[in-house]
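The values are calculated or read from the model by the stated rules, or taken from the named source; none is laboratory data. Quick caveat, the model's predicted, so the values are computed rather than measured. FYI the Cβ positions are ideal-geometry reconstructions off the backbone, even for glycines, and counts take in every protein chain you see. Remember, those area values only see protein heavy atoms, side chains included, never the ligands or the DNA or RNA. Shrake-Rupley method; radii C 1.70, N 1.55, O 1.52, S 1.80 Å.
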Amino acid sequence: MLYVVIIFLCLALLMYVILGGADFGAGILEIFTPARMRSQLQDTTYKTIGPIWEANHMWLIIAIVILFVGFPSIYTTLSVHLHIPLALMLIGIIGRGTAFVFRHYDAYQDDMQKVYNFIFTYSSFITPFFLGLIFGAAVAGQIDPEAKGFYEAYIHPWFNFFSVSVGIFTVAICGFLASVFLVGEAKKSEVKAFVVRKAKLFIVFTVLTGGLVFAASIIDEVPLVGLLLTEWITIGTLVLATLAIIALWLNLKEGSKSLVRLLSGFVVTAILAAFGYHYFPDLIITKSGENLSLFNSAAIGKPIDTLAWALMIGSVFILPSLFYLLYSFQGNKMVEKK
Amino acid sequence: MEDLFAARSQMALSLGFHIIFACIGMVMPFFMATSHYKYLKTGNPLYKDLTKAWSKGVAIFFVTGAVSGTMLSFELGLLWPEFMLHAGPIFGMPFSLEGTAFFIEAIALGFFLYGWDRFKPWFHWFTGVVVGVSGLASGILVVAANGWMNSPSGFEYVEGKFLNIDPVAALFNEAWFTQALHMTLAAFTATGFAVAGIHAYMILKGKYIDFHRKAFTIAILFGAVAALLQPISGDISAKDIAVRQPAKLAAMEAHFETSKAAPLIIGGIPDEEAKEVNYAIEIPGALSFLAHGDFEAEVIGLDQFPEEHHPPVAVVHYAFQIMVGLGMILVGLSLLYFFSTWKKKNWQAQSWFLWLFVLATPLGFIALEAGWTVTEVGRQPWIIYEIMLTKDAVTPIPGIKYSFFIFTAIYVSLAGIVSFLLYRQIKAVPATLAQKTMANVES
């Protein structure tokens, strides 16, 4: 039963990174969009992401609930030592979710739109940054449950080069997912050329920041490079991800909508899988080396069993309706203004 | 500001904020579905306009409820890690089921909001009903989790360890039913009266009266029926906590000394030092009757508990008085509404009648917040009743007050923006209808 729960946790995180990531990326893209294109981009974002965006963010709640029910010590250790970035991420989540809906449901289109747009775009940037930073901090090996000083206990675990670079990398991935996704929606050649250009930019940015993560892991002595590159499975996965990126680059403009989307999803899944495989089953690497893993922190017995049942029963309801939702609204076409 | 106090304030603020939005997001879909049903049955376009107008409200409130709920799922750990470390696996069941219900709600809302003219009308209507039903289910489940804190069950507590955990037994704790019943009715009452009040105001302003009258009728029917059922649910709750959490009941009633034929204390100013209540109205034996169904029964007072385990009496007592007082006013208004529907139909067009409902707009929500104050402050100093103290659960990180200040600023501005948006939505309703009338004329 523990494995059922672990699979759901991985699935929830993966879905959140891909669907939620594309969602965040749409906001990040707006920062880099010139004013004349912006309203077209906003309309496209709303049309394609609007119907499913609420559901996208449910994955985060599912992941959190799995953590605190099934792996309480992981949840509380993160909550205590990464209190500050978690709180900042929450501010981003609040700002983004509300601004997205407010800007659409405000009955009047006036200067308030600027306020909503400002909040929406910047919180789209802040939220995945801190989300990535938290992931990075969990495995950076700087969390020290014994620490006494404020800085050692609550700042240093996340305020380090490695965690910050994972944060930046996550932002790049979100922009990458969103721009590739939107390529398929653009019909007008001018818009399409623009989105393709952005997609290429974000591919470059993703590769560069990926390199930054490796560089940071060497500087901060996070044992990542050495281990990643000695395990055949992780090497294989990363090679596949690289090949997929190249294929994506070549097919971006002419390839079919589903091919490029599939490739972009594959790239992100492969990166996550390589990291996941590398660290499994550890989720928090501590300074002392007494890591918190999905095995040693699991609430074995009835809590995990009932959680597994609740997740399985829930997915019987959720997954078909979610797919039907995605299917029903996939035909949305980009609104092109004259 | 002490960290414990700051953490409690932040939690209270977050919950107090979330509850309003969650209630509206849970109840308004039923209004929306009712109006939608009327539209499909009668074909009257006013009902379609109303459904659409309300669905915008639902979207705004749903998202605010969803983000504040996401926030809470993190705050439980950010503020109370020691509590979550032990409680998570035990009372997690309602949360994992709630995740499902909430997910379904989000999916159904996607179908509903974006589904006009896309799906068969009755399928579209059905998705709106699913929004309401799953919202209601998630509300009940979250209250069940709170019920567990008031009435912990599903584990054995041996020498500070939580053993033999049974999450299903924890879900069906003794408090869940009475609390969920009371809260569900409260949500319908508060939302019904709030929505009815706003539309009553629009009727008074004299524009699009047909539209607002239809809206008023749907909202008040839900609100008034719930308000009339609420005293029964309140009585069930009172009898329940008299046995299960006597300290809370004692604090609600400022009942300091255990006594037989205990009087019901209405109003008054509790003096916690002197352990007495000044300037109160006392009804002899009534507390014994309400708590145990017998005018002579013994009601346990605060003297049966060590002083360090007393909840703050004054706050709980005042909150309880406010809740009951406002509840009674709403019962009165509900009776007035039904009486006028039955005998004096013409009253409903008169301005005094409408003003009464306008004035009642916020009362349900004030009562609801007061009720939660009774439940939560009345549980203090325990976070898990008689198992874990709130002060032992708080996070070790210092400077929580800064977090409290920041989140207060955020919630205050969010509340401001939502009110502003709602004001503009309501203001724009006639405008959109007018545009439609124009368009109809042109075509």
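As a test of the definition: which semi-axes, in Å, follow for the stretch B:270-337 when you take the square root of five times each eigenvalue of its alpha carbon gyration tensor? Largest first, please.
Output for the stretch B:270-337: semi-axes of 26, 17, 11 Å.
Report the Rg/Rh value for the stretch B:1-173, based on alpha-carbon coordinates and the Kirkwood definition of Rh. Show your work: numbers first, answer last.
Details: Rg = 19.3 Å, Rh = 17.8 Å.
Ratio of gyration radius to Kirkwood radius for the stretch B:1-173: 1.09.
Which number comes out as Rg/Rh for the protein assembly as shown once both Rg and the Kirkwood Rh are worked out on C-alpha atoms? Walk me through the numbers on the way to the answer.
Working: Rg = 27.6 Å, Rh = 28.0 Å.
Reported Rg/Rh, Kirkwood definition of Rh: 0.99.
How many square angstrom of accessible surface are buried between A and B, both sides summed, with a 1.4 Å probe and rounding to 100?
5500
Can you pull the semi-axes for the stretch A:69-158, root of five times each eigenvalue of the Cα gyration tensor, sorted largest first, whole Å?
One finds semi-axes of 34, 13, 10 Å for the stretch A:69-158.
Share of Cα-Cα pairs in the stretch B:47-118 beyond 20 Å, in percent?
Taking all Cα-Cα pairs of the stretch B:47-118, the fraction more than 20 Å apart is 46 percent.
Treating only the Cβ of Lys, Arg, Asp and Glu as charged (+1, +1, -1, -1), what charge dipole size does chain A show about its Cα centre? Round to the nearest 20 debye.
Result for chain A is approximately 1360 debye, rounded to the nearest 20.
I'd like to know which of B:F404, A:T127, B:Q245 lies farthest towards the positive end of the charge dipole of the protein assembly as shown, counting +1 on Cβ of Lys and Arg and -1 on Cβ of Asp and Glu.
Of the candidates, A:T127 comes out farthest on the positive side.
Would you mind calculating the relative contact order of chain A from Cα pairs under 8 angstrom and at least 6 residues apart, reporting the percent as a whole number? Could you put the intermediate results ahead of the total?
Details: 453 pairs, mean separation 88.1, N = 338.
After rounding, I find 26 percent.
Less than 24 Å apart at the alpha-carbon level, and either on another chain or at least 8 residues along: which lysines does that give for B:K248?
Excluding near neighbours in sequence, the set is B:K239, B:K260, B:K275, B:K391.
Taking a spot 7 Å from the Cα of B:F420 along the direction of its beta carbon, which residues of the stretch B:1-44 have an amide N less than 16 Å from it?
none
Between the stretch B:218-256 and the stretch B:1-75, what is the separation of their alpha carbon centroids in Å?
A separation of 23 Å, based on Cα centres.
Give the cross-link partners of B:K48 among the lysines, using a straight C-alpha distance below 21 Å as the criterion and excluding same-chain residues fewer than 8 apart.
B:K38, B:K56, B:K120, B:K207, B:K214, B:K427, B:K436
Based on the Cα coordinates of the stretch A:140-240, what is the per residue volume of their convex hull in Å³?
Per-residue hull volume (Cα only) is 123 Å³.
Report the trypsin sites (Lys or Arg not before Pro) located in the stretch A:1-105 that are in a DSSP loop and have at most 11 other Cβ atoms inside 10 Å of their Cβ, or state none.
Of the trypsin sites (Lys or Arg not before Pro), not one in the loops of the stretch A:1-105 has a Cβ with at most 11 other Cβ atoms within 10 Å.
Please report, to one decimal in angstroms, the Kirkwood hydrodynamic radius of the stretch A:184-338 built from all distinct Cα-Cα pairs.
In the stretch A:184-338 this quantity evaluates to 19.3 Å.
Under the 0.36 nm per residue contour assumption, what length would be gained going from the current alpha-carbon distance of A:W232 and A:S258 to full extension?
So the chain would gain 6.4 nm between A:W232 and A:S258.
Please average, across the residues of B:60-72, the number of beta carbons from any other chain that are within 10 Å of each residue's own beta carbon, and give a whole number.
Across B:60-72, the average partner-chain Cβ count within 10 Å equals 5.
Quickly estimate the mean residue ellipticity at 222 nm for the protein assembly as shown, helices only: each DSSP H run with n ≥ 4 gives -39500 (n - 2.57), and the total goes over all residues, rounded to 500.
When only DSSP H runs of four or more count, the value is -25500 deg cm²/dmol.
When the distances between all Cα atoms of chain B are binned every 10 Å from zero, what whole-number percent does each bin get?
Percent of pairs per bin, in order: 4, 19, 28, 25, 15, 6, 1, 0.
Taking the Cα centre of chain B as the origin, how large is its charge dipole in debye, to the nearest 20, when only Lys and Arg (+1) and Asp and Glu (-1) carry charge on their Cβ atoms?
3100
Considering the dipole of the stretch A:2-337 built from charges on the beta carbon (Lys and Arg +1, Asp and Glu -1) around the Cα centre, which of A:G167, A:S39, A:P320 is farthest to its positive end?
A:S39
Between B:A169 and B:L4, what FRET efficiency follows from the Cβ-Cβ distance if R0 is 25 Å, with the result rounded to 0.05?
Numbers: r = 30 Å, r/R0 = 1.22.
The value I calculate is 0.25.
Quickly work out the A:A35-to-B:K344 label distance, labels modelled 7 Å from Cα along the C-beta direction, and quote it in nm with one decimal.
6.1
Given that compact globular proteins tend to follow 2.2 N^0.38 Å, what is the ratio of the alpha-carbon Rg of the stretch A:210-268 to that value?
Numbers: Rg = 14.3 Å, N = 59, 2.2 N^0.38 = 10.4 Å.
So the stretch A:210-268 has a normalised radius of gyration of 1.38.
Looking only at other chains, what is the average number of their beta-carbon atoms within 10 angstrom of each beta-carbon in A:100-113? Intermediate values should be presented prior to the final figure.
Numbers: counts 2, 10, 8, 0, 3, 11, 8, 13, 6, 0, 1, 0, 4, 0.
Per residue, the average neighbour count from other chains is 5.
Please list the non-local residues whose amide H lies under 5 Å from the amide H of A:S293, H modeled 1.01 Å from N, same-chain partners needing a gap of 5 or more.
Sorted by chain and number, the residues that satisfy this are A:L283.
Which GluC sites (Glu not before Pro) from the stretch B:1-82 combine a DSSP loop assignment with at most 16 other Cβ atoms within 10 Å?
B:E2
In percent, how large is the relative contact order of the stretch B:101-200, given Cα pairs closer than 8 Å and 6 or more residues apart?
Numbers: 90 pairs, mean separation 23.3, N = 100.
Once normalised by length, the contact order is 23 percent.
At q = 0.07, 0.08, 0.12, 0.14 Å⁻¹, work out log10 I(q)/I(0) for the stretch A:2-337 with the Debye formula, treating every Cα as an identical point scatterer and leaving solvent out; two decimals please.
-0.29, -0.38, -0.88, -1.20
Looking at this model, which pairs from A:K257/B:K41; A:K47/A:K302; A:K47/A:K200 are more than 32 angstrom apart at the alpha-carbon? List each step's numbers first, then the result.
On the way: A:K257/B:K41 42 Å; A:K47/A:K302 43 Å; A:K47/A:K200 23 Å.
A:K257/B:K41; A:K47/A:K302, as the Cα separations exceed 32 Å there.
Based on alpha-carbon positions alone, could you give the equivalent ellipsoid semi-axes of the stretch A:1-73 from the gyration tensor, as √(5λ), descending, whole Å?
Three semi-axes, in Å: 33, 11, 9.
Taking the Cα centre of the protein assembly as shown as the origin and placing charges on Cβ (Lys, Arg +1; Asp, Glu -1), which of B:A227, B:P81, B:F338 is farthest toward the positive end of the dipole?
In the protein assembly as shown, that residue is B:F338.
Where nothing but the Cβ of Lys and Arg (+1) and of Asp and Glu (-1) is charged, how large is the charge dipole of the stretch B:1-173 around its Cα centre, in debye to the nearest 20?
For the stretch B:1-173, the charge dipole is close to 1100 debye.
On average, how many beta carbons from a partner chain sit within 10 Å of the beta carbon of a residue in A:81-91?
Numbers: counts 3, 1, 11, 4, 0, 4, 8, 1, 1, 10, 4.
Going residue by residue through A:81-91 and averaging, the value is 4.
With a 1.4 Å probe and all protein chains left in place, how much of the accessible area of the stretch B:1-173 comes from carbon and sulfur atoms, in whole percent?
It is 64 percent, rounded to a whole number.
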